[in-house]
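Let me begin by presenting the structure, written as structure tokens, before commenting on it.
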Amino acid sequence: MHPSSDTAAFFLPGLVHQFGNLLLTVQGHVLHLDDQDVKRMQDAVLGVVQRGSASLQVARALLGEQAGATGLGIELVQQLVDLGRVPARERGVSLELQGEDLAEPIWVASEPFVMAFGEALRRWIQAVPSGSTGTATVAYEGDGAGGAVVRLGFVAASGSLPFPLASDEVVRSMADQFDGYGGAAQALTDPGQGIKLHFLAAKFVTGDHQQ
């Protein structure tokens, strides 16, 4: 199970941009610190550190580190969408996460999830033809059986050339890599919509039993 170096490189500008913003946020809180506001500053800086640490874990997964970690699917989706907005914008595409407030708390195997969703998101955005602008959409939901589903779609901007994205071609291009996830992640064409990614729930070991 190895991620594509192209995918890690795709998200790098977003990671650099985010870390720059996080450092500026910490600097701003420190520069305006007063004795009466220490607790608020501590909470704010802790939040920034936690966000940066989460993005760092995502980056490590994209680079191939496999620690066997688990994570909430919706949080991993949010982190990758945040990191993907900068490279998407460079291609004239906005990136929108839909329905995140309704998402079920589903635990997934972090590394396969990050690598599979990151790969699919990069290829989906790069599949937008030159001259076509719009919004790449990401929708997250439960599959009704404990797993997670991520749907990738595209809405062309008003006045933009309405070229359909080559969903079948994108799915085929990822077939070999997705085969390496041992069934933990699958990519399918979502007829008339785009791409559908299906992820199994993480398995936890408790005592002598696995669930």
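Bear in mind these aren't lab numbers, they're just calculated from the coordinates by the rules spelled out. If you're wondering where the values come from, they're calculated on a predicted model, not measured in any experiment. When we count neighbours, we look across all protein chains shown, and the Cβ atoms used for this are built from the backbone with ideal geometry, even at glycine.
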Item to check | Vicinal HN-Hα couplings computed from phi for segment 135-141 (Karplus, 6.51 cos²θ - 1.76 cosθ + 1.60; Hz; Gly/Pro x) | outcome: 10, 7, 9, 10, 10, 10, 7
Next on the checklist: Need one word for the chain: rounded, prolate or oblate. Basis is the Cα gyration tensor (sqrt eigenvalues a ≥ b ≥ c); a/c below 1.5 gives rounded, then a/b vs b/c decides.
Outcome noted: oblate
Checklist entry - What is the gain in length, in nm to one decimal, between Ser53 and Val16 on full extension, counting 0.36 nm per residue of separation less the C-alpha to C-alpha distance? => result 12.0 nm
Item to check | Axial C-alpha extent at least 27 Å, average Kyte-Doolittle at least -0.5 - helices from the chain (DSSP) | outcome: 5-31, 38-62
Checklist entry - Once the piece of chain linking Asp179 and Ser5 is laid out straight, how much longer is it, given 0.36 nm per residue of separation minus the C-alpha distance between them? => result 60.9 nm
Checklist entry - Using a Förster distance of 41 Å, how high is the FRET efficiency between Trp107 and Ser158, based on the Cβ-Cβ distance and rounded to 0.05? => result 0.55
Checklist entry - For the pair Lys39 and Ala69, how long in nm is the line joining their label points, each one 7 Å along Cα→Cβ? => result 3.1 nm
Next on the checklist: Can you compute the modelled spin-label distance between Gln193 and Ala166, with each label point 7 Å from Cα toward Cβ, in nm?
Outcome noted: 2.3 nm
Checklist entry - Ranking Trp124, Trp107 by Cβ neighbours within 10 Å, fewest first, what do you get? => result Trp107, Trp124
Checklist entry - Dipole size in debye (nearest 20) for segment 5-210 around its Cα centre, Lys and Arg Cβ +1, Asp and Glu Cβ -1? => result 380 debye
Checklist outcome for this item: Most exposed to least, judged by fewest other Cβ atoms within 10 Å, Arg40, Arg51, Arg123 sort to Arg40, Arg51, Arg123
